[in-house]
1. If I build a Gaussian network model for the chain, linking alpha-carbon pairs within less than 10 angstrom, which residue out of Gln111, Gln34, Gln66 has the largest mean-square fluctuation?
2. Per residue and in Å³, how big is the convex hull formed by the alpha-carbon atoms of the chain?
3. Explain nothing, just compute: Karplus ³J(HN,Hα) = 6.51 cos²θ - 1.76 cosθ + 1.60, θ = phi - 60°, for every residue of the range 108-125 in order, whole Hz, x for Gly and Pro.
4. Please give the FRET efficiency for Ala202 paired with Asp92, using the beta carbon to beta carbon distance and R0 = 45 Å, rounded to the nearest 0.05.
5. In the chain, which longest range has no GluC sites (Glu not before Pro) that are both DSSP loop (not H, G, I, E or B) and surrounded by at most 14 other Cβ atoms within 10 Å?
6. Which loop-located chymotrypsin sites (Phe, Trp or Tyr not before Pro) does the range 102-210 contain, where loop means any DSSP state but H, G, I, E or B and the Cβ has at most 14 other Cβ atoms within 10 Å?
7. Pop the C-beta distance of Thr179 and Ala149 into the FRET formula with R0 = 41 Å and round what comes out to the nearest 0.05.
8. Of the accessible area of the range 90-145, with the probe set at 1.4 angstrom, what percent is carbon plus sulfur?
Amino acid sequence: MTIDEQGAARVQDSADVDDRATIGAGTTIWHLAQVREDAVVGSGCIVGRGAYVGPGVRLGDGCKLQNYALVYEPAVLEDGVFVGPAAVLTNDLYPRAVTPDGTVKTGDDWQAVGVTIRTGAAIGARAVCVAPVTIGRWATVAAGAVVTADVPDFALVAGVPAKRIRWVGRAGVPLERTTGDGWRCPVTGDEFTETDGALHEAPSNASFRH
């Protein structure tokens, strides 16, 4: 295991962290978590009890995987991503244990596809993201949702399959409409414009902060 020299990571004795994984400064990996070979976990992250990080998975800085979250390769999580308890990021579009002739599948019999989660987005408890999908910046996936299509930036999606029900800002709070196509965050004051089903930030909005 490689640990960033700028600061020590905290890894509980019962965690299983492969020697080929890279762990960032100030990251905590809790009891019974598993971080597989060639995974990269950024600085200041929290990997909760029983969470799983697959081979080659990439986590940016300031990510939080809650207890028993399952992140399968080749997922990519950008900075500040939240994955709730028991949420699952899948990697097999057409899952089978055996080939059509009944032979047990090996790693050479299928090609993994991944979930990409952009900066600041949040995945609720027990949600499932069915690869390949991209969750946009600062989007929120509601608890128990099943995501089968890409999620736009700042969208709140819910249901099975997940559909957009609101817009949210960086604080995760639903936005308030100000004009026909204008929206405002009641917490940060950030303003947005909706165009053709997408939300666009005003240039004056604050940039990402940890």
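The values are calculated or read from the model by the stated rules, or taken from the named source; none is laboratory data. Keep in mind the model is a prediction, meaning the values are calculated, not measured. Cβ placement follows ideal geometry from the backbone for every residue including glycine, while neighbour counts extend to all protein chains displayed. Remember, those area values only see protein heavy atoms, side chains included, never the ligands or the DNA or RNA. Shrake-Rupley method; radii C 1.70, N 1.55, O 1.52, S 1.80 Å.
1. Evaluated over the chain, the most mobile residue of the options is Gln111.
2. With only Cα atoms used, the chain gives 128 Å³ per residue.
3. With the stated coefficients, the range 108-125 comes to 7, 9, 7, 10, 5, 10, x, 9, 10, 10, 7, 3, x, 6, 9, 10, x, 4 Hz.
4. With R0 = 45 Å, the Cβ-Cβ based efficiency is 0.65.
5. Value returned for the longest uninterrupted segment is 38-210.
6. Loop-located and lightly packed - Phe208.
7. 0.90
8. The computed percentage sits at 55.
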